[in-house]
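The values are calculated or read from the model by the stated rules, or taken from the named source; none is laboratory data. Owing to the predicted nature of the structure, the values given are computational and were not obtained by experimental measurement. Please note: Cβ atoms are built from the backbone with ideal geometry, for glycine as well, and neighbour counts cover all protein chains shown.
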Amino acid sequence: MAYFETRNIVKFFGGLAAVNGVSFKVQKGQIYGLIGPNGSGKTTIFNLINGYFPLTNGEILFNGEDISGLKTHVICHKGIGRTFQVVKPLKRMTVLDNVIASAFLRSSNKAEAVKLAETSLEFCGMTDQKDKLAKSLPIASRKRLEIARSLATKPKLLLLDETAAGLNPSELEQAIQLIKKIRDSGVTVIIVEHIMKIIMTISDTILCINHGMPIAEGTPAEVASNHEVIAAYLGEDYGAQS
């Protein structure tokens with residue numbers, strides 16, 4: 001039995017099929033990559049997984065349980081956390097207070113929440129920034145804060161949505177190491193990413209989708225050499241030449 005699984009999930013917005021028949025399985029301890037051109041449905045899949053959008057059809061299973069149709073906060077309680085492509089910290093609050101707000105999901109009092117928040121910040125290498133206002137952080141630190149907030153909910157499965165966007169080369173390397181560290185801590189990861197250095201370096205398995213439908217799944221090497229994947233990213237002429 002897979003740790004996490006989608007079965008033929010479908011999402012229509014009016015007459016548009018944003019996701020159309022996507023099935024995949026993720027094993028416990030994996031880093032599973034989800035790629036595809038802009039508008040291919042990747043973030044919509046994340047929104048379906050965490051209950052932000054209701055499914056039109058299909059099933060989503062986590063740890064053997066059908067979580068289709070559950071509320072977002074219930075899904076988070078069950079152990080699925082996520083980050084967002086556009087990070088929106090609570091700007092007028094400190095870094096620590098941002099994470100404390102998330103930590104209350106697992107804490108019964110403020111002392112517990114503070115301890116959990118400080119542990120999450122330390123894990124992400126942000127202890128020295130905990131007293132700064134969130135609005136003062138550069139993009140790389142905001143991305144790390146987003147991850148720290150999600151880790152404070154104690155996820156068993158973490159959905160990372162373009163956590164490397166806007167980072168410079170040294171920051172990209174730090175992001176790779178942090179994602180591996182998260183996996184090594186026992187958290188299973190599904191990652192959406194456009195930066196191929198990230199996705200090809202860290203993923204055990206990759207699924208490529210286009211127009212809301214799966215077109216290739218396999219190891220990074222297998223997916224990178226797939227003609228349909230090349231065509232989806234670079235155009236039909238490139239796909240035909242490969």
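Below, the figures for the structure above:
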{"read-out": "Residues located in the stretch 63-93, provided they are aliphatic (A, V, I, L, M), under 13 Å from the mean Cα position of the chain (by Cα) and surrounded by fewer than 19 Cβ atoms within 10 Å (Cβ to Cβ)", "value": "VAL86"}
{"read-out": "Out of ALA148, ALA221, ALA164, sole residue that is buried (at least 21 other Cβ atoms within 10 Å of the Cβ), assigned by TED's automatic domain parsing to the domain that holds LYS25 and either of a type outside the set (Ser, Thr, Tyr) or not in a helix (DSSP H, G or I) (or both)", "value": "ALA164"}
{"read-out": "Residue ID - nearest to ASN47 (Cα to Cα), chosen from residues in the stretch 202-218 that are surrounded by fewer than 23 Cβ atoms within 10 Å (Cβ to Cβ) and within 16 Å of the chain's Cα centre (by Cα)", "value": "THR205"}
{"read-out": "Residues of the stretch 181-202 classified as touching a Ser or Thr at 6+ places or on another chain (Cβ under 9 Å) and more than 19 Å from PHE4 (Cβ to Cβ), total", "value": "1"}
{"read-out": "Residues of the stretch 165-195 that turn out to be within 13 Å of LYS143 (Cβ to Cβ) and not β-branched (Val, Ile, Thr), as a count", "value": "10"}
{"read-out": "Complete set of residues in the stretch 130-140 that are assigned to a helix (DSSP H, G or I) and surrounded by 20 or more Cβ atoms within 10 Å (Cβ to Cβ)", "value": "ALA134"}
{"read-out": "The stretch 112-137 residues that are touching a residue at least 24 places away in the same chain (Cβ under 8 Å) and over 12 Å from ASN98 (Cβ atoms), paired with ones that are of a type in the set (A, V, I, L, M) and in a loop (DSSP other than H, G, I, E, B) (beta carbon under 6 Å, 6 or more apart)", "value": "LEU116/ALA152"}
{"read-out": "Boolean, VAL87 is at pLDDT below 95 and either hydroxyl-bearing (Ser, Thr, Tyr) or in contact with a helix residue (DSSP H, G or I) (Cβ under 6 Å, 6 or more places away or on another chain) (or both)", "value": "yes"}
